[in-house]
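Everything below concerns the one structure shown next.
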């Protein structure tokens, strides 16, 4: 590169100071060959700057961005991430109270739904022997009416096999005309009994169909109860 | 803030977001820089489809290597460097038969340029542009690269040094030889008509 070429290149690269630019322009004015070389080079630079610029096609931009996008995770990867991703639960008192209310209402509702179903569940049958024991029915009883005419008595009771010969257990009630009556339930069987007048006088039932000795020289009334 | 500095700042923010797996941010970087990268590749390889392929490779490489990008540098400079290397790799492997041009051998053409003629006089503007594009494609890759960055992309020698990792004087010499070669080709075109 000679001095003239160097000047041209520095002029094109805008590396000349003002004095050098003046000297260069005077030189090209005087030297037609230098002027021609400079103009040709200047033309190349000028034309290069206005060469048409191509615009990237939308398809190119779209494909390029798509190639950089992260791959869509599979169903399993999304599930795994959802299960294993650590989470932080943020809460406040109002939120916790609301959640507690919802929980209480839900549990109450659940019981309301479940209760009738419990009734409908079939319970395994209890063994027949047990049932027979627990539900053992009482033997049938016969109501027996005892009557004693004793107008002068203040109280009348009856003592016998059915009440352990206790004169205070079964009292007779007085009716009009000095008739004393009592109705007592008795199991079928044979009983001996006596009336006790005013708590001290023991007498056999004068209306009894049968009497039996008591072993002490007195007679007990005998009552046969049958269904 | 000057426009250029604002653009650099916006690029830095988009890079930071991209590093946090914000793919939309890198999409914006693509929108901002794809035209320049596609044009550089087009001027280097002379084919639009190949240029877009090279631009795509450049962006993919940049995306993968984004963590190595130094924030004290301009993203555009870093991207230009990746794209320039992609283009040279392509020229090296896809066009193995194309050797460097001997610029000095054509110097004699310069003396035949008619004094009163210029390319503009004899060729229409469209013809000049078409001939210039073809002439650029005939430049040796290293000269082509320097000329395109300087006069088509409008970069400074300082930026070119950073992109190409080549000394500034060497770059000025490459641009000079590129300009000279193109000037001779256009002048010879006028002589032949």
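Pairing residues of region A:61-79 that are more than 16 Å from residue B:27 (Cα to Cα) with residues that are at pLDDT below 75 and assigned to a loop (DSSP other than H, G, I, E, B), at Cβ distances under 8 Å and at least 6 apart in sequence or on separate chains, gives no pairs at all.
Selection of helices (runs of 4 or more DSSP H) fully inside region B:1-82 by the criterion of at least 3 residues being modelled with pLDDT under 90 returns B:3-19. Of the listed requirements (1) more than 9 Å from every other protein chain (Cβ to nearest Cβ); (2) more than 30 Å from residue B:52 (Cβ to Cβ), residue A:33 misses just one: (1).
Would you check if residue A:77 is part of a helix (DSSP H, G or I) and surrounded by 12 or more Cβ atoms within 10 Å (Cβ to Cβ)? Lay out the reasoning, then the answer.
Values: part of a helix (DSSP H, G or I): yes; surrounded by 12 or more Cβ atoms within 10 Å (Cβ to Cβ): no.
So residue A:77 fails the test.
Do you know which of the residues in region A:42-96 that are farther than 30 Å from residue B:126 by Cβ and within 7 Å of chain B (Cβ to nearest Cβ) is modelled with the lowest pLDDT? Looking at residues that are farther than 30 Å from residue B:126 by Cβ and within 7 Å of chain B (Cβ to nearest Cβ), I get A:70. Within region A:140-199, being touching a residue at least 40 places away in the same chain (Cβ under 8 Å), assigned to a loop (DSSP other than H, G, I, E, B) and either surrounded by 12 or more Cβ atoms within 10 Å (Cβ to Cβ) or more than 60 Å from the chain's Cα centre (by Cα) (or both) holds for A:141, A:150, A:153, A:154, A:155, A:187, A:188, A:198, A:199.
The values are calculated or read from the model by the stated rules, or taken from the named source; none is laboratory data. Owing to the predicted nature of the structure, the values given are computational and were not obtained by experimental measurement. Virtual Cβ from ideal backbone geometry, glycine too; neighbours counted across all protein chains shown.
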